[in-house]
Structures are given as C-alpha cells and as structure tokens.
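Asker: Below is one structure. I have some questions about it.
The values are calculated or read from the model by the stated rules, or taken from the named source; none is laboratory data. Source: prediction; values computed, not measured. So basically every Cβ, Gly included, is an ideal-geometry build from the backbone, and we count neighbours across all protein chains shown. Heads up: the accessible areas ignore ligands, DNA and RNA and are worked out on the full protein's heavy atoms, side chains in. Shrake-Rupley method; radii C 1.70, N 1.55, O 1.52, S 1.80 Å.
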Amino acid sequence: MLRKALLGVIMSACFALAVPSVIAADAAQLSKDAQAALQSLYAQVPAAKALGPKARAILVFPKVTKAGFGVGGQYGDGALIKGGKTVAYYNTAGATVGLQAGAQTYGYAMFFMNDKALQQIDKAEGFEVGVGPTVVVVDEGMAKTSTTTTMQDDIYAFIFGQKGLMAGLGLQGNKITKINPK
C-alpha cells in the first residue's frame with residue numbers, strides 16, 4: 001500500500017516536472033503539422049502507407065518531447081485523422097522512473113484498424129497505452145517484412161523522426177487524452 005502511494009507521488013511529480021508550462025498548439029497548426037508528419041511517414045515507410053487506407057482513423061503526434069534523469073516525462077499534442085480530415089485533438093503525457101538520462105524528440109502515429117479499438121481512445125477519461133486493445137509497435141524490420149494481409153492487430157504504432165539521445169531502464173506510463181486547442 002505504501003509502495004503504491006509512493007509510486008503515485010513520484011508519477012505525479014514527474015508529470016508536473018515534464019509539462020510545467022505546456023500550452024496546446026493552435027488547432028489549425030496542429031492539424032497541419034499532423035498531416036505533414038503523416039505524409040513524411042508514408043514517404044519513408046511503405047507499410048505505414050499501405051495501412052493508411054485500411055485504418056478507421058490515425059492518431060498522429062508530430063512531435064513528442066521526452067527528457068529524464070532518474071525521473072522523467074514526455075509530452076506532445078496530436079490530431080486524429082479520419083478520412084483524410086482532422087476530427088479531434090489529443091495530447092500524450094507520460095512519466096518514467098528508473099535508470100535513465102537524456103532528452104529526445106520524436107513523432108508517432110497510431111493506426112486504429114477497427115471500430116472497437118477506436119472507441120477505446122475516449123473511454124475512461126483517456127487511453128492508457130498498454131491497457132485495452134492490442135497495440136503493436138512496428139519497428140524497421142517488421143515494416144519491411146509485413147503486408148496488410150499479415151497485419152491483423154487492433155492498433156499499429158510507428159515511431160519516426162527521432163532526434164536526441166535517451167538511454168535507460170525503468171518503469172513508464174503513458175496516457176492519451178482528448179483536448180480542445182484554440
């Protein structure tokens with residue numbers, strides 16, 4: 001019980017440190033950035049381009065910033081694209097505790113392949129990665145050998161545009177929450 005309380009305090013502190021004065025991006029700019037990031041992903045990863053038309057929706061976070069030294073956090077704003085148009089906005093926030101040091105930025109896109117998976121994103125005041133539908137992170141090797149007939153999971157995530165250096169081993173939590181940018 002004490003261990004859970006301590007972990008809760010540490011995680012709350014990480015969130016507070018990770019996003020001290022984050023202001024959600026302007027909706028139009030966020031939509032534009034998400035569309036550009038998705039097109040860049042399609043140009044670099046044929047598997048992502050092949051999945052795009054089959055996905056019910058794609059949640060794109062064009063830039064996520066992650067930093068830590070012992071404790072850390074990450075934050076980024078994104079747009080949900082359905083039928084080629086932005087239909088909603090979300091942020092992703094996470095905290096980490098463990099042996100870690102560094103800072104990096106990256107983008108990621110989550111391809112929701114069915115309605116059930118898509119419905120999970122707005123349940124329980126946020127979508128917690130690792131809870132609910134199956135999320136498969138597609139690495140470079142898998143992207144080269146997969147086809148749309150072999151990819152049968154609920155959600156596929158592609159990480160792209162990594163810059164910086166982050167190394168570590170620890171416990172991480174991540175939550176995606178709907179937002180209303182200006």
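Asker: Looking at Tyr106, is it of a type outside the set (A, V, I, L, M, F, W, C), open to solvent by less than 60 Å² (accessible area, probe 1.4 Å), touching a Gly at 6+ places or on another chain (Cβ under 7 Å) and at pLDDT 70 or above?
Answerer: On the way: of a type outside the set (A, V, I, L, M, F, W, C): yes; open to solvent by less than 60 Å² (accessible area, probe 1.4 Å): yes; touching a Gly at 6+ places or on another chain (Cβ under 7 Å): yes; at pLDDT 70 or above: yes.
Yes: the conditions hold for Tyr106.
Asker: If only one of Lys49, Lys63 is open to solvent by 60 Å² or more (accessible area, probe 1.4 Å) and touching a Gly at 6+ places or on another chain (Cβ under 8 Å), which one is it? Before the answer, list the steps.
Answerer: Details: Lys49 fails: touching a Gly at 6+ places or on another chain (Cβ under 8 Å).
Step by step, each of Lys49, Lys63 is checked, and only Lys63 is open to solvent by 60 Å² or more (accessible area, probe 1.4 Å) and touching a Gly at 6+ places or on another chain (Cβ under 8 Å).
Asker: Looking at the range 164-176, is at least one residue part of a strand (DSSP E or B), modelled with pLDDT of 85 or more, among the aliphatic types (A, V, I, L, M) and open to solvent by less than 90 Å² (accessible area, probe 1.4 Å)?
Answerer: For the range 164-176, residues part of a strand (DSSP E or B), modelled with pLDDT of 85 or more, among the aliphatic types (A, V, I, L, M) and open to solvent by less than 90 Å² (accessible area, probe 1.4 Å): present.
Asker: Does Gly102 meet the test of being closer than 22 Å to Gly164 by Cα and in contact with a Ser or Thr (Cβ under 8 Å, 6 or more places away or on another chain)? Even if it seems obvious, please write down each step before you answer.
Answerer: Values: closer than 22 Å to Gly164 by Cα: yes; in contact with a Ser or Thr (Cβ under 8 Å, 6 or more places away or on another chain): no.
Criteria not met by Gly102.
Asker: Check off (1) open to solvent by less than 20 Å² (accessible area, probe 1.4 Å); (2) more than 22 Å from Asn180 (Cα to Cα); (3) at pLDDT below 95; (4) in contact with a helix residue (DSSP H, G or I) (Cβ under 8 Å, 6 or more places away or on another chain) for Leu41 and give me the number that stays unchecked.
Answerer: Condition not satisfied by Leu41: (3).
Asker: If you take the residues of the range 10-38 that are modelled with pLDDT under 90 and surrounded by 21 or more Cβ atoms within 10 Å (Cβ to Cβ), which of them is farthest from the chain's Cα centre (by Cα)?
Answerer: Going through the qualifying residues, I end up with Cys14.
A quick yes/no check of all residues on (1) open to solvent by less than 20 Å² (accessible area, probe 1.4 Å); (2) outside any helix (DSSP H, G or I); (3) at pLDDT 65 or above; (4) under 17 Å from Ser40 (Cα atoms):
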{"position": "Ile81", "(1), (2), (3), (4)": "yes, yes, yes, yes"}
{"position": "Tyr89", "(1), (2), (3), (4)": "no, yes, yes, no"}
{"position": "Ala93", "(1), (2), (3), (4)": "yes, yes, yes, no"}
{"position": "Gln162", "(1), (2), (3), (4)": "no, yes, yes, yes"}
